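> Sharing a structure with you now.
The values are calculated or read from the model by the stated rules, or taken from the named source; none is laboratory data. Values in this document were obtained by computation on a predicted structure and should not be read as measured data. Virtual Cβ from ideal backbone geometry, glycine too; neighbours counted across all protein chains shown. Accessible surface areas use protein heavy atoms only, side chains included; no ligands, DNA or RNA. Shrake-Rupley method; radii C 1.70, N 1.55, O 1.52, S 1.80 Å.
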Amino acid sequence: QVQLVESGGGLVQAGGSLRLSCAASGRTFSSYVMGWFRQRPGKEREFVAVIGRSGNSKYYTDSVKGRFTVSRDNAKNTVALQMNSLKPEDTAVYYCAGDPPGNYYNTDYKYWGQGTQVTVSS
């Protein structure tokens with residue numbers, strides 16, 4: 001069993017930056033593909049970014065490419081999402097997730113954090 005705990009959310013002005021972190025319990029963290037998702041008000045949960053087991057493979061949804069960067073530290077069991085040039089439409093609850101059984105952009109990951117709120121003011 002893996003537990004995921006996100007941190008780093010908050011309120012920021014448009015154009016600003018935030019860094020989200022996700023800490024994972026368990027000794028098998030390095031064996032999991034890790035993803036970031038978000039749920040904007042009134043919307044379905046959506047894929048944001050994913051990082052492979054070694055950290056060499058990364059994919060992003062189009063709307064965050066060039067602004068967000070996903071990274072992981074397997075020695076510390078953490079995955080991070082650096083968010084720059086934030087826009088009001090990035091306002092959402094952000095979740096980290098681990099171990100997708102299928103396509104990485106689907107929401108059927110096995111493990112989920114509780115989410116952290118990001119609010120971007122205009």
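> With point charges of +1 on the Cβ of Lys and Arg and -1 on the Cβ of Asp and Glu, referenced to the Cα centre of the chain, which listed residue (Gly42, Ser121, Gln3) lies farthest in the positive direction of the dipole?
Gln3
> Provide the percentage of antiparallel DSSP beta bridges, counting only those with both residues in the chain; round to the nearest 5.
90
> Ok, one more. Where Lys and Arg each count +1 and Asp and Glu each count -1, what net charge lies around Leu18 among other residues with Cβ under 13 Å from its Cβ? Numbers along the way, then the final one.
Numbers: positive: Arg19, Arg38, Arg67, Lys87; negative: Glu6, Asp90.
Result for the local shell: +2.
> Hey, another quick one. With each label point set 7 Å from Cα along the Cα-Cβ vector, what nm distance links Asp99 and Lys58?
Taking the two extended label points, one gets 2.5 nm.
> In the chain, how many lysine pairs have Cα atoms under 22 Å apart, counting only pairs 8 or more places apart or on different chains?
Lysine pairs meeting the criterion: 8.
> Here is a further query. Would you mind getting the accessible area per residue of region 4-103, heavy atoms of the protein chains only, 1.4 Å probe, in Å²? Before the final figure, lay out each step's value.
On the way: 4850 Å² over 100 residues.
Computed with neighbouring chains in place, this is 49 Å² per residue.
> Contour minus end-to-end for Asn106 and Arg40, with contour as 0.36 nm per residue of separation and end-to-end as the Cα-Cα distance?
Additional length available on full extension: 22.1 nm.
> Considering only protein heavy atoms and a 1.4 Å probe, what is the carbon-and-sulfur percentage of the accessible area of the chain? Could you put the intermediate results ahead of the total?
On the way: 2800 of 6280 Å².
Roughly 44 percent of what the probe reaches on the chain is carbon or sulfur.
> Now for a separate question. Give the accessible area for Ser54 in Å² (nearest 10); use a 1.4 Å probe, count only protein heavy atoms, and leave out ligands, DNA and RNA.
Its accessible surface works out to 80 Å², give or take rounding.
> Further question: Compute the orientation-averaged projected area for region 2-49 from the convex hull of its Cα atoms and round it to one decimal in nm². Mind showing how you got there, number by number?
Numbers: hull surface 17.8 nm².
Over all viewing directions, region 2-49 projects a mean Cα-hull area of 4.4 nm².
> Taking just the C-alpha trace of the chain, give me its Rg and Dmax in Å.
Expressed in Å, the Cα Rg and Dmax of the chain come to 13.3, 42.
> Compute the FRET efficiency between Ser31 and Ser121 as 1/(1 + (r/R0)^6), taking r as their Cβ-Cβ distance and R0 = 22 Å, and round to the nearest 0.05.
Given R0 = 22 Å and the Cβ-Cβ separation, E is 0.05.
> So what is the relative contact order for the chain, in percent, with contacts set as C-alpha pairs under 8 Å and at least six apart? Please list the in-between numbers first.
Details: 301 pairs, mean separation 42.6, N = 122.
Once normalised by length, the contact order is 35 percent.
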